[in-house]
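**Q** Structure incoming, see below.
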Amino acid sequence: MHFDARNVRILPALVHVMNAGIEPLKPILTADLFPKLDGLLLGLLRSLVPADWEKQTVSPSWKVKDVAAHLLDTALRGVSMGRDGYMAESPAINSSADLAAFINRLNREGVTVYRRLSPAVLITLMEVAVKSLAELHASRDPDAMAPFGVSWAGEEKSANWFHTAREFTERWHHQQQIRLAVDKPGIITRELYFPVLDCFLRALPFAYRSISAKPGTYAQIIISGECGGSWYLYRDGKTWQLIEKPFGEKASETIIPQEIAWRIFTKGISRESALEQVCVSGNGDLGVHVLNMVSIVA
């Protein structure tokens, strides 16, 4: 384990001043990536042998077929709501707990239904569902208001580009769960994985909302590997914001290997195991808090 809160080395002050001031992060455009990502999913599902469908994934309650059923269910629900404006039910949602309970119930019900199908039928339906889902996301104005906010980022309302990117992360990380379970080559490529990481890390300001720090300082989160990069969480007065480039005094630095980053943010790895693989310097409490972040509705 690389981190011990009792022996944290405080980094020297690093001050970076930009002529243009603080720059917010740019939108993540992923609509054009859906056909490729889901094309890889279909190829993966077609390659599975009967025993593969019942292998356990990193999601404790789901086997491979459960995850595939979930991907089919969410694609069909997404098209029903987004393209056809069809809402089967609209319960009162008064808290994040209400939302999580509602989503988790829908997910359980969908998995229960679609895991009953044969693999061949499931794949056939998936072909239709993912084509329609890709067309839906491609048709949306990325800057217009989305039908749903990205709740895990603390947003009640979100732009379409963020809603689409969130959906892309769902389809990426569930496919990766299947690949991990059946020991198939992953989809950890910069084209497909970097947008997932970028979207996951948009939850940082919300995840740190109860954490205080000196105004004018920032926490740097580094995802190591060819698919990763650096994200800068800046303390602006009493709030946090993600910025494009470092600005102010660095308070902490956290390095996370790309192989486990997606698992940290989707509850696919224990905190203890993650701590053994990350490296934190500077303000330890600040730097390690990122391991508490969850970028899914759960």
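The values are calculated or read from the model by the stated rules, or taken from the named source; none is laboratory data. These figures come from a predicted structure and were not determined experimentally. All Cβ positions, even for glycine, are placed from backbone atoms using ideal geometry, and neighbour counts span all protein chains on display. Ligands, DNA and RNA are excluded from the accessible area calculation, which covers all protein heavy atoms including side chains. Shrake-Rupley method; radii C 1.70, N 1.55, O 1.52, S 1.80 Å.
**Q** With everything on Cα atoms, drop me the angle between helix 34-47 and the longest principal axis of the chain, reported from 0 to 90° to the nearest 10.
**A** Between the helix axis and the principal axis of the chain, the angle is about 60 degrees.
**Q** How much area per residue is accessible in the stretch 191-298 when the probe is 1.4 Å and only protein heavy atoms are counted (Å²)?
**A** About 37 Å² of surface per residue is accessible.
**Q** Additional query: Which semi-axis lengths, in whole Å and largest first, follow from the square roots of five times the eigenvalues of the Cα gyration tensor of the stretch 170-298?
**A** Result for the stretch 170-298: semi-axes of 26, 14, 13 Å.
**Q** Report the label-to-label distance for residue 210 and residue 135 in nanometres (one decimal), using points 7 Å from each Cα along the Cα→Cβ vector.
**A** Output for this residue pair reads 4.5 nm.
**Q** From largest accessible area down, sort 139, 47; use a 1.4 Å probe on the protein chains.
**A** These residues rank, largest area first, as 139, 47.
**Q** Given a Förster distance of 45 angstrom, what is the FRET efficiency for residue 273 paired with residue 148, based on the Cβ-Cβ distance and rounded to 0.05?
**A** For R0 = 45 Å, the calculated efficiency reads 0.90.
**Q** Can you tell me the orientation of helix 96-114 relative to the chain, as the angle in degrees between its alpha-carbon axis and the longest Cα principal axis, to the nearest 10?
**A** Orientation of helix 96-114: about 30 degrees from the principal axis.
**Q** What's the extension gain from residue 116 to residue 297 if we count 0.36 nm per residue and subtract their Cα-Cα distance?
**A** This chain segment gains 62.7 nm when fully extended.
**Q** Let me ask something else about it. If you roll a 1.4 angstrom probe over the protein chains with everything in place, what fraction of the accessible area of the chain belongs to carbon and sulfur, to the nearest %?
**A** Here it works out to 55 percent.
**Q** Still on this model: Can you compute the helix-only [θ] at 222 nm over the chain? Use -39500 (n - 2.57) per DSSP H run of at least 4 residues, normalise by all residues, nearest 500 deg cm²/dmol.
**A** -13500 deg cm²/dmol, from helical runs alone.
**Q** Then there's this: Set the Förster distance to 41 Å, then compute FRET efficiency between residue 49 and residue 245 from the Cβ-Cβ distance, nearest 0.05.
**A** Taking R0 as 41 Å, the efficiency between residue 49 and residue 245 is 0.25.
**Q** In the chain, what % of DSSP beta bridges are antiparallel (nearest 5)?
**A** 70 percent
**Q** With a Förster radius of 41 Å, plug the Cβ-Cβ distance of residue 125 and residue 259 into 1/(1 + (r/R0)^6) and report the FRET value to the nearest 0.05.
**A** 0.80
**Q** Once both labels are modelled 7 Å past Cα along the beta-carbon direction, what's the residue 101-residue 86 spacing in nm?
**A** 2.8 nm
**Q** Continuing with this model, one more query. Which order do the peptides 80-89, 143-152, 161-170 take when ranked by the mean count of other beta-carbon atoms within 10 Å per residue, highest first?
**A** Highest mean packing first, the order is 161-170, 143-152, 80-89.
**Q** In degrees, nearest 10, range 0 to 90: what is the angle between the Cα axis of helix 190-200 and the longest Cα principal axis of the chain?
**A** With both axes taken from Cα atoms, the answer is about 70 degrees.
**Q** Between their Cα atoms, which of 36/65; 36/157; 26/214; 214/250; 157/245; 63/184 are more than 18 Å away from each other?
**A** Distance filter (> 18 Å) returns 36/65; 36/157; 26/214; 157/245.
**Q** What is the spin-label model distance, in nm, from residue 93 to residue 56 if the labels are put 7 Å beyond Cα along the C-beta direction?
**A** About 3.2 nm, to one decimal.
**Q** Please work out the average accessible area per residue across the stretch 70-124, using the 1.4 Å probe convention, and give it in Å².
**A** On a per-residue basis, the stretch 70-124 sits at 58 Å².
**Q** For the chain, state the semi-axes of the equivalent ellipsoid (square roots of 5 times the eigenvalues of the alpha-carbon gyration tensor), sorted largest first and rounded to whole angstrom.
**A** 34, 22, 17
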